[in-house]
1. Scan region 95-113 for residues that are more than 14 Å from residue 50 (Cβ to Cβ) and either in contact with a Leu (Cβ under 9 Å, 6 or more places away or on another chain) or at pLDDT 95 or above (or both) and jot them down.
2. Just checking, how many residues over region 31-53 are open to solvent by 70 Å² or more (accessible area, probe 1.4 Å) and of a type in the set (Val, Ile, Thr)?
3. Just give me the residues in region 54-83 being loosely packed, with under 15 Cβ neighbours inside 10 Å, polar (S, T, N, Q) and over 18 Å from residue 29 (Cα atoms), in sequence order.
4. Could you count how many residues in region 1-30 are among the aromatic types (Phe, Trp, Tyr) and either in a strand (DSSP E or B) or open to solvent by less than 30 Å² (accessible area, probe 1.4 Å) (or both)?
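The values are calculated or read from the model by the stated rules, or taken from the named source; none is laboratory data. Everything numeric in this text was worked out from a predicted model, so none of it was measured. Here Cβ is always computed from backbone atoms with ideal geometry, including for glycine, and neighbour counts include all displayed protein chains. Just so you know, the surface numbers come from the protein's heavy atoms only, side chains and all, with ligands and any DNA or RNA stripped out. Shrake-Rupley method; radii C 1.70, N 1.55, O 1.52, S 1.80 Å.
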Amino acid sequence: QVQLVESGGGLVQPGGSLRLSCAASGFIFSVYAMKWYRQAPGKEREWVATISSNGGITYYGDSVKGRFTISRDNAKNTMYLQMNSLKPEDTAVYYCNAHGLSFWGQGTQVTVSS
């Protein structure tokens, strides 16, 4: 079955960095565009970034552009999100998703606070 397992979240101070991972299984990872989303308490789920199936094309939401970098390793069936210059407003549960598949992992909590 399809599985998406996010990891790498934690507590970090403003200005700090984290690297999230999304381990995928149960589908042909290399043919799907992949996405990161996030959901803050009391808010709707927000799209963060998208990467094409071969990793050659990336898109970012305005709120993270220039600070976050999405990448993937198709040999490892894993996607990443490098988050730099973190702000308190980046605090959320982060989820990964395969474009066109309605499966979600459990998410990983990112908290940015001093």
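1. Going through region 95-113, the residues more than 14 Å from residue 50 (Cβ to Cβ) turn out to be 102-113.
Listed by number, the residues that qualify are 103, 104, 105, 106, 107, 108, 109, 110, 111, 112, 113.
2. 1
3. 63, 82
4. Initially, region 1-30 is screened for residues among the aromatic types (Phe, Trp, Tyr), giving 27, 29.
Restricting the remaining residues to those that are either in a strand (DSSP E or B) or open to solvent by less than 30 Å² (accessible area, probe 1.4 Å) (or both) gives 29.
The number of residues fulfilling the criteria is 1.
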